[in-house]
Amino acid sequence: MAGFDLARLIAAAADTIAAHADELTALDQAIGDGDHGLNMKRGFEAVRAEAAGFAAKPLPEALKAIGTKLVMTVGGASGPLFGTLFMALGKDVPAAPDRDALTSALGKAIEAVAARGKSQAGQKTMLDVLQPVHEALAQGKTARDISDIADEAADATVPMKALRGRASFLGDRSIGHMDPGARSTALLVRAIAETIEGR
Ligand code: ADP
Ligand code: MG
């Protein structure tokens with residue numbers, strides 16, 4: 001791994017969310033309330049605005065602060081969940097994590113998201129991307145493979161029926177659309193994985 005240049009990671013994450021905000025909005029219009037693109041863009045631009053301050057902190061503190069910022073700025077159901085993901089990562093990750101440490105921290109962070117959302121993989125949410133990404137990380141896959149696995153996992157939410165969040169109100173009518181949070185998670189995974197590997 002090329003290491004954690006947090007300022008570059010934040011820029012890459014915010015860039016991909018900004019570039020795909022309209023797509024995320026359209027996905028959320030189909031099975032939600034159409035705010036996911038704006039929610040994510042607002043949150044990641046708020047993180048970008050304070051990137052220098054975050055990058056000056058040790059990684060655990062930086063991740064906790066980013067999570068707190070996301071909770072305050074993203075809003076919706078996804079804000080507290082993405083916020084929990086980053087805050088929990090910050091609790092477990094060492095200052096200079098290797099792949100094993102990152103894998104272990106991500107596993108615990110996913111458990112924290114699942115507890116917060118009272119959710120699990122298979123319910124057409126961000127967890128349907130996070131879980132296979134965690135498995136791929138544990139299996140030692142490359143950044144490119146992990147990114148592809150994340151995209152495939154987001155695609156795999158299309159035939160699922162939503163059992164959590166706003167989309168679950170639609171019941172069977174949620175089938176046939178990609179989950180917006182799964183898509184935004186896959187976008188973040190690719191941006192982060194490729195930046196860590198120094199592409
Ligand atoms: P809202 O649904 O409040 O409008 P967003 O549109 O920003 O919030 O986010 C919706 C996304 O949040 C969904 O696509 C899904 O991936 C994720 N989500 C919603 N509820 C849960 C939950 N209980 N557990 C995990 N993820 C969830
Ligand atoms: Mg929404």
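The values are calculated or read from the model by the stated rules, or taken from the named source; none is laboratory data. Keep in mind the model is a prediction, meaning the values are calculated, not measured. Cβ coordinates were reconstructed from backbone atoms using ideal geometry, including for glycine residues, and neighbour counts include every protein chain displayed. What goes into the accessible areas is simple: the full protein's heavy atoms, side chains included, and nothing from ligands, DNA or RNA. Shrake-Rupley method; radii C 1.70, N 1.55, O 1.52, S 1.80 Å.
Some notes on this structure:
- Enumeration of residues in region 60-87 that are over 14 Å from the mean Cα position of the chain (by Cα) and open to solvent by less than 10 Å² (accessible area, probe 1.4 Å): 62
- Test: residue in region 139-147 that is at pLDDT 95 or above and within 16 Å of residue 24 (Cα to Cα): no
- Residue within region 50-72 that is more than 16 Å from ligand 2 (Cβ to nearest atom), touching a Gly at 6+ places or on another chain (Cβ under 6 Å), closer than 24 Å to residue 107 by Cα and in contact (Cβ under 8 Å) with a residue 40 or more places away in the chain present: no
- In region 4-32, the residue that is least open to solvent (accessible area, probe 1.4 Å) out of those that are in contact with a Gly (Cβ under 8 Å, 6 or more places away or on another chain) and assigned to a loop (DSSP other than H, G, I, E, B) is 32.
- Selection from region 88-101 of residues that are modelled with pLDDT of 95 or more and buried (at least 18 other Cβ atoms within 10 Å of the Cβ): 88, 89, 90, 92, 93
- Qualifying position, being under 15 Å from residue 183 (Cβ atoms) and in a helix (DSSP H, G or I), among 90, 43, 79, 37: 37
- Hey, residue 191 open to solvent by less than 60 Å² (accessible area, probe 1.4 Å) and more than 16 Å from the chain's Cα centre (by Cα) or not: no
- Residue in region 155-166 that is on the phi > 0 side of the Ramachandran plot, touching a residue at least 12 places away in the same chain (Cβ under 8 Å), crowded, with 23+ Cβ neighbours inside 10 Å and not aliphatic (A, V, I, L, M) present: yes
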